[in-house]
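The next block holds one structure in the form of structure tokens; read it before the comments.
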Amino acid sequence: MIAVGDRRLSGTLNLADVREAARRRLPRGIFEFIDRGAEDDDALANNREAFRRIRLRPRVLVDVSGRSAATTLFGRPQAMPLAIAPTGAAGLVWFEGELELARAAAAAEVPFTLATRSLASIESVAEAAAGGTLWFQLYVWAECALSYALVERAERAGFHALVVTVDVPVTPNREYNRRNGFSLPFMPSGRALLDMARHPRWLVGTMGRYLATTGMPRYENQPGQRRQRITQGEPAVRSMRSDDLTWDDIRELRRRWPRTLIVKGLLRAEDALRAVECGADAVVVSNHGGRCLDSAVAPIDALPEIADAVGHRAVVLMDGGVRRGGDIVKALALGASAVLAGRPTLYGTAIGGRAGAAHVLDLLRAEMLTVMAQLGCRSIADIGPDLVHPGTAPGRRTMTSAAANPALASA
Ligand SMILES: Cc1cc2nc3c(=O)[nH]c(=O)nc-3n(C[C@H](O)[C@H](O)[C@H](O)COP(=O)(O)O)c2cc1C
């Protein structure tokens with residue numbers, strides 16, 4: 001499997017190439033499930049457009065020979081200011097993809113976030129990526145006690161941070177899944193089965209390996225009777241409480257979780273401040289990769305206002321649309337301490353498992369170092385708002401240097 005992956009990797013020079021290779025390997029239903037957004041894909045497209053609009057002003061004649069993208073987040077060193085976003089989809093695109101992706105993240109010295117609804121258990125990821133930085137993403141169930149049990153499992157397994165996602169109050173409208181006959185849990189329609197049959201490398205290499213070894217994959221972190229195989233009914237989805245989640249739930253989770261608490265899915269300064277008041281150590285400025293509210297503002301556009309409002313009180317992270325190393329530099333210049341990437345490493349995992357994910361992380365880091373050199377930045381601390389051309393900046397930032405950023409200290 002890896003040999004095939006390696007051959008495919010060598011021809012992919014950037015994220016667009018990796019995405020295209022993933023598109024060819026995956027059944028259409030699965031590719032569109034990971035690649036597309038919601039409704040008309042407006043938020044998805046705008047996440048990229050918003051990055052493109054930002055223009056940078058290089059500093060010249062700076063000795064950048066010893067440049068480094070290394071940083072420290074929540075007191076733990078990492079090789080670059082990026083973390084793998086929770087998606088729960090890596091196990092769909094590659095056999096045991098979640099474990100492969102977690103191993104790639106640990107080797108690349110960046111945090112990996114395991115999603116509640118993933119096909120790998122909290123404990124198996126902790127074992128596979130021992131020594132790496134692990135975050136656990138939580139969707140809160142209707143029966144809170146079950147969610148709290150999950151939080152305790154993550155704590156026992158040594159996860160470093162809890163990421164509470166707050167931007168999915170209802171199931172988003174994604175018509176393409178219905179058109180493709182694709183659903184989670186899997187309830188293969190005639191169209192979906194034909195789609196799979198047309199992609200034999202995925203059918204044999206991913207689904208075939210599951211069926212030959214562990215059987216149809218399961219949502220391994222669903223408690224008790226909800227730990228069902230991905231072909232089984234709806235209860236796992238229905239039991240997901242999200243439309244009555246409030247700030248009280250964040251306070252309660254703060255009380256229960258002793259380590260870093262991150263609230264993910266905010267686009268307004270007052271919500272970020274509220275999260276901090278409830279005890280969050282960090283917020284993720286995010287529109288869920290454009291997968292929920294299709295007219296949501298791009299996170300990179302919302303970032304400066306939120307970073308200014310939060311100031312030193314908490315760490316500000318962002319995600320949505322990061323496809324080049326230069327995008328990471330833009331996010332840092334506009335107030336983020338690091339970015340999360342969702343689809344990029346899913347595309348990578350889809351074409352080469354661990355090696356594919358590692359390849360994507362290498363590409364992003366190399367691109368980031370190139371842009372840092374072109375901008376006259378030796379280190380992350382040199383990346384500040386002055387690099388952004390004022391006419392193209394999405395909002396005002398008052399901080400003069402990323403060195404004033406709290407993420408560079410522990411939280
Ligand atoms: C296939 C897929 C599944 C996702 N599942 C989750 C999830 O279970 N929980 C969550 O908080 N975010 C989820 N997200 C959103 C990501 O965590 C992240 O916010 C988003 O992918 C960032 O945008 P990007 O893909 O452009 O990097 C998912 C994203 C994708 C692409």
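Quick note: the coordinates plus some simple rules give every number you see, no bench work behind them. From a predicted model like this one, the values you see are computed outputs, not experimental measurements. Every residue, glycine as well, gets a Cβ built from its backbone with ideal geometry; the counts of neighbours run over all protein chains shown.
Output the 0 to 90 degree angle, nearest 10, between the alpha-carbon long axis of helix 144-156 and the longest principal axis computed from the alpha carbons of the chain.
Once rounded, one gets 70 degrees.
To test your reading of the geometry: what angle, between 0 and 90 degrees and rounded to tens, separates the Cα axis of helix 343-375 from the longest principal axis of the chain?
Roughly 10 degrees, rounded to the nearest 10.
Which value, in debye to the nearest 20, gives the size of the charge dipole of the stretch 89-137 about its Cα centre, when Lys and Arg are +1 and Asp and Glu are -1 at the Cβ?
120
If you line up the long axis of helix 42-53 against the longest principal axis of the chain, both from Cα atoms, how many degrees apart are they, to the nearest 10?
The helix 42-53 is inclined about 30 degrees to the chain.
Along each of the three principal axes of the Cα atoms of the chain, give the extent in whole Å, ordering the values from largest to smallest.
On the principal axes, the chain reaches 59, 49, 41 Å in Cα extent.
Based on other C-beta atoms within 10 Å, arrange 119, 332 from fewest to most. Working shown, then result.
On the way: 119 25, 332 29.
The fewest-first ordering by Cβ neighbours comes to 119, 332.
Residues of the stretch 266-296 with backbone nitrogen within less than 14 Å of a virtual label 7 Å along the Cα-to-Cβ line of residue 247, please, listed as ranges.
268-280
Compare the peptides 334-340, 135-141, 110-116, 50-56 by average per-residue count of other Cβ atoms within 10 angstrom and give them in order, highest first.
For the peptides 334-340, 135-141, 110-116, 50-56, the packing ranking is 334-340, 110-116, 135-141, 50-56.
In the stretch 143-168, whose amide N lies under 17 Å from the spot 7 Å out along Cα-to-Cβ of residue 76? List them in ranges.
Output list for this probe position: 151-164.
Treat every Asp and Glu Cβ in the chain as -1 and every Lys and Arg Cβ as +1, leave all other atoms uncharged, and give the resulting dipole magnitude about the Cα centre to the nearest 20 debye.
860
Cut-off 10 angstrom, C-alpha nodes, Gaussian network model of the chain. Which of 46, 173, 221 fluctuates the most?
173
Could you please rank 186, 33, placing first whichever residue has the fewest other Cβ atoms within 10 Å of its Cβ?
By the 10 Å Cβ count, ascending, the order reads 186, 33.
Considering only the chain, what is the antiparallel percent among its DSSP beta bridges, to the nearest 5?
Around 20 percent antiparallel, to the nearest 5.
Could you give me the percent of Cα pairs per 5 Å distance bin for the stretch 126-220, shortest bin first, beginning at zero and ending with the bin that holds the maximum distance?
2, 10, 13, 15, 15, 16, 17, 10, 2
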